[in-house]
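Working notes, beginning with the structure itself.
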Protein chains: 2
Amino acid sequence: MIEYRNLRVAVLGGGSVGSQVAALLLQHGEELAARAGAGLELVGVAVRNPDAPRDTDIPAHLITTDAESLILGADIVVELIGGIEPARTYILQALNSGADVITANKAVLANHGPELFEAAEQVGAQLYYEAAVGGAIPIIRPLRDSLAGDRVKRILGIVNGTTNYILDRMDTRGDELREALAEATRLGYAEADPTADIGGFDAANKAAILASLAFHTTVSLDEVYCEGITGVTGEQVRAARKAGYVVKLLAICERITADGVEGVSARVHPALVPLDHPLAAVHGANNAVFVEAEAAGSLMFYGAGAGGVETASAVLGDLVSAARRHVAGGPGVAESTHANLPVFPIASAITRYQVTLEVNDEPGVLATIAQLFSDHSVSVEAVSQSVAGGQGAERPTATLVIVTHEAIESSLAATVASLTASPVVASVVSVLRVEG
Amino acid sequence: MIEYRNLRVAVLGGGSVGSQVAALLLQHGEELAARAGAGLELVGVAVRNPDAPRDTDIPAHLITTDAESLILGADIVVELIGGIEPARTYILQALNSGADVITANKAVLANHGPELFEAAEQVGAQLYYEAAVGGAIPIIRPLRDSLAGDRVKRILGIVNGTTNYILDRMDTRGDELREALAEATRLGYAEADPTADIGGFDAANKAAILASLAFHTTVSLDEVYCEGITGVTGEQVRAARKAGYVVKLLAICERITADGVEGVSARVHPALVPLDHPLAAVHGANNAVFVEAEAAGSLMFYGAGAGGVETASAVLGDLVSAARRHVAGGPGVAESTHANLPVFPIASAITRYQVTLEVNDEPGVLATIAQLFSDHSVSVEAVSQSVAGGQGAERPTATLVIVTHEAIESSLAATVASLTASPVVASVVSVLRVEG
């Protein structure tokens, strides 16, 4: 029997992830100790309501409502409460007491990352967060360590399982958004209040985390452009598939150049993804992160993006890392923001667009429309016109679908404003960015 | 200008990976130093022939043929020679002198891994090898660190780009093996002597490395069952697609139980992969590693499995890790073989099989064949019979394609022996394992 140094592990939060972490730690403790080179003693699980029903049982003597006392006696604190407060305060208390912290909390990282990393560095503690993006999918270590010798050019991520489930169902079953959302709620993929998911805010948190890490630059949540899926219609999804695309909510982090200055951009919005792109094959509530790097080329990381036991896998991986560091000593890896690149707003983003218009069905309209795009230096790649619609309307209309070459977002926005004001355009039906 | 401690980096090997590592290190040295917290000074590149043509220029003053002197003056040694000797001797010299070592050399790891890790541990040095499996794809860190809190059940890897290119071409273009191999050679995907690739030996090296890492158990190369693709015919690939499969060369590492004992198994062979499995969509020379873990569920890592600049990305990631460790101090992560599970031979493997037979086209044959399977406790899932063939032969024959439920390899092998000896079987056309 090998004798290990014992590390005291405190878990904050007894929800689906917290209870799984506790259960797996109790079940596989010896195995994890052998890998870590240190014993991992679960000293308590802090919960708000000790009597709440849980996915897995936590032994009663480990349950406490006194998070602060638990934190003070721990070598490693696992924060699985979620949200900003009291999570932020607890993480700071833990770090300031010299404990390493493991968190799955994307919101606190996206909103207060620099403060937390600074606190960790001050005392030589570490903050681990593999579970905060992509659930069980290893993406933090690959970006921080494996790609540390490369230059990431772009990340395209499906990082929210709820919206991917909804959009996939709209694509494969022909559902409207509200039907797919109802089904997602029924299956437990969507929260009672689905705003954070379908509004894109959850994905925006993750985009801020990924962009900061990949570009060695602090990217805060308010610098991430965020557009959710609430405007996506069944008709758009069907039209996309006919044109060879699938609609996905993407978190996009890129190196871009604006006015000759190198910088970065982070944005979340629904996008058209070509059917032959690896991200198009990510179905259901799965997540995937597609990374383009200068030397490595294209990489993809795929798996379950959420779920209690899946997220617990990532948390326990961080726990073994934290324990190994305790045994090894040394300050560990500090977050690097050495590059400190400017973060550009969405207006500087460059991508392709699909613009769907309802126009008057009369001679010369196409020329007028084409001129409007040209006036704003937006180059048209393809135009297709559907059979005339607008039956019963005052005058006959036709649907034009225009796909542009790469254009700057600000130019496209100006084009759309002109289109809206044009007398030959009955309505701008949709504007979708084309990615991948 | 920040002043860093300077680390002396020696590169052994000036081939496609070595010259790219040197070029990128010279080009991005400052950026890497900022991430590592230490300067990375390339002190030399040891080559066999200084005048050999190279993909990228290495400054003449850095080139040397004296590898041993270069090693002695280095803090970090990057071994990119490949093969067993002199790579093994150089790695041991470097570790024994206290240098960290980075290698992309799967052969030396699969054949001498325990000796090398032991040498590293003795002096408190580290051996990094992210580039040895899957080229640019981060797979070593995810297995060693991210999944350290989980239990890996199975790995299915497409880890050899040459054979994947060949099999993909046979599938998508209808080539025979020799045509696809000729094209792979012309494009530089296959070596002049393709034995290591098409014989499965390269993949077997990688299977030994992955199995050792995933199961915390020493799995040596001679414990890996190895069957290459030389027996795969265009007809098999076409028949597979018709039946809903694609043929892939897989490296399979599994936890299995044999005679009530828990152990592991590692095998490389062509396998039928269902068309809707993520591995079926891995085309060309790309690699992908599909991992099933108890808590994390299914994960996939995808990207370029080879190529000079892609592999250099993984090497440089290791270089930054090594430099961070030099700055941080501490012993780093030791390889864990705590589980030390028994490694079972292929005879204990359990999988599904597709057996294609040419049989006499006469009444009662199917019953006879079915009885033979049953006699060996191999349960049949599906049988399909093609239109009678064997025109011009002495007597009419038919083709039977039998897919089994899961069976133990030894039982299947005994079944095939009985089939071969049976008077109603004209020939056993092929036996393929079904995975995924």
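The values are calculated or read from the model by the stated rules, or taken from the named source; none is laboratory data. Computed from a predicted structure; not experimentally measured. Virtual Cβ from ideal backbone geometry, glycine too; neighbours counted across all protein chains shown.
Which is in contact (Cβ under 8 Å) with a residue 12 or more places away in the chain, within 25 Å of B:ILE256 (Cα to Cα) and buried (at least 24 other Cβ atoms within 10 Å of the Cβ), of B:ILE102, B:ILE158? Working first, answer last.
On the way: B:ILE102 fails: within 25 Å of B:ILE256 (Cα to Cα).
From the options B:ILE102, B:ILE158, the qualifying one is B:ILE158.
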Matching residues in the stretch B:322-346 - criterion: being of a type in the set (Gly, Ala, Ser), outside any helix (DSSP H, G or I) and either modelled with pLDDT of 95 or more or out of contact with any helix residue (DSSP H, G or I) (no Cβ under 7 Å at 6 or more places or on another chain) (or both)
B:GLY329
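For the stretch B:193-210, which residues satisfy the criterion of being without any contact (Cβ under 8 Å) to a residue 24 or more places away in the chain, part of a helix (DSSP H, G or I) and farther than 16 Å from B:ALA104 by Cβ?
Here is the first cut: in the stretch B:193-210, the ones without any contact (Cβ under 8 Å) to a residue 24 or more places away in the chain are B:193, B:195-196.
When the remaining residues are screened for being part of a helix (DSSP H, G or I), the result is B:195-196.
Of everything in the stretch B:193-210, just one residue is without any contact (Cβ under 8 Å) to a residue 24 or more places away in the chain, part of a helix (DSSP H, G or I) and farther than 16 Å from B:ALA104 by Cβ, namely B:THR195.
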Going by the structure shown, is A:ILE84 outside the structural domain of A:LEU213 (by TED's automatic domain parsing), touching a His at 6+ places or on another chain (Cβ under 8 Å), at pLDDT 95 or above and over 23 Å from B:GLU294 (Cα atoms)?
yes
Scan the stretch B:255-278 and give yes if some residue there is surrounded by fewer than 22 Cβ atoms within 10 Å (Cβ to Cβ), at the interface with chain A (Cβ under 9 Å from one of its Cβ atoms) and part of a strand (DSSP E or B), otherwise no.
no
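Determine whether the stretch B:289-309 contains at least one residue that is in a strand (DSSP E or B), within 30 Å of B:ALA417 (Cβ to Cβ) and at pLDDT 90 or above. First the steps, then the outcome.
Of all residues in the stretch B:289-309, those in a strand (DSSP E or B) come to B:289-293, B:297-304.
From the residues that got through so far, the ones that are within 30 Å of B:ALA417 (Cβ to Cβ) too are none.
There is no residue in the stretch B:289-309 that is in a strand (DSSP E or B), within 30 Å of B:ALA417 (Cβ to Cβ) and at pLDDT 90 or above.
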Going through the stretch A:333-382 one residue at a time, which ones are within 17 Å of A:ALA414 (Cβ to Cβ), touching a residue at least 60 places away in the same chain (Cβ under 8 Å) and small (Gly, Ala, Ser)?
A:ALA347, A:SER348, A:ALA349
Selection from the stretch A:33-73 of residues within 26 Å of A:LEU92 (Cα to Cα) and of a type in the set (Lys, Arg) yields A:ARG48
Hits in the stretch A:51-81 - residues which are modelled with pLDDT under 95 and under 30 Å from the mean Cα position of the chain (by Cα)
A:ALA52, A:PRO53, A:ARG54, A:ASP55, A:THR56
Do the conditions hold for B:ALA349, that is, is it within 30 Å of B:ALA190 (Cβ to Cβ) and either more than 14 Å from chain A (Cβ to nearest Cβ) or at pLDDT 95 or above (or both)?
yes
Only residues that are more than 10 Å from chain A (Cβ to nearest Cβ), closer than 17 Å to B:ASP318 by Cα and touching a residue at least 40 places away in the same chain (Cβ under 8 Å): list them for the stretch B:24-65, please.
B:ALA38
Limited to the stretch B:279-324, what total is found for residues that are closer than 23 Å to A:GLU310 by Cβ and facing another protein chain (nearest Cβ under 7 Å)?
11
Pick from B:LEU187, B:LEU250: which is at pLDDT below 95 and among the hydrophobic types (A, V, I, L, M, F, W, C)?
B:LEU187
Given the criterion over 24 Å from A:CYS226 (Cα atoms), aliphatic (A, V, I, L, M) and either surrounded by fewer than 18 Cβ atoms within 10 Å (Cβ to Cβ) or free of Cβ contacts under 8 Å to residues at least 40 places away in the same chain (or both), identify the matching residue among A:LEU72, A:LEU80, A:LEU147.
A:LEU72
Within the bounds of the stretch A:213-225, is there any residue that is buried (at least 22 other Cβ atoms within 10 Å of the Cβ) and under 19 Å from A:ILE137 (Cβ atoms)?
yes
Quick one: which residue in A:VAL108, A:VAL133 is of a type in the set (Val, Ile, Thr), buried (at least 16 other Cβ atoms within 10 Å of the Cβ), touching a residue at least 60 places away in the same chain (Cβ under 8 Å) and within 24 Å of A:ALA211 (Cα to Cα)?
A:VAL133
Verdict on B:LEU366 being at pLDDT below 95, more than 14 Å from chain A (Cβ to nearest Cβ) and at negative phi
yes
Cβ-Cβ under 6 Å, sequence separation 6+ or interchain: first residue in the stretch A:236-248 and outside the structural domain of A:LEU279 (by TED's automatic domain parsing), partner outside any helix (DSSP H, G or I) and at pLDDT below 95. Which pairs?
none
(1) farther than 30 Å from A:GLY15 by Cα; (2) buried (at least 19 other Cβ atoms within 10 Å of the Cβ): which one isn't true of A:LEU366, the others all being true?
(2)
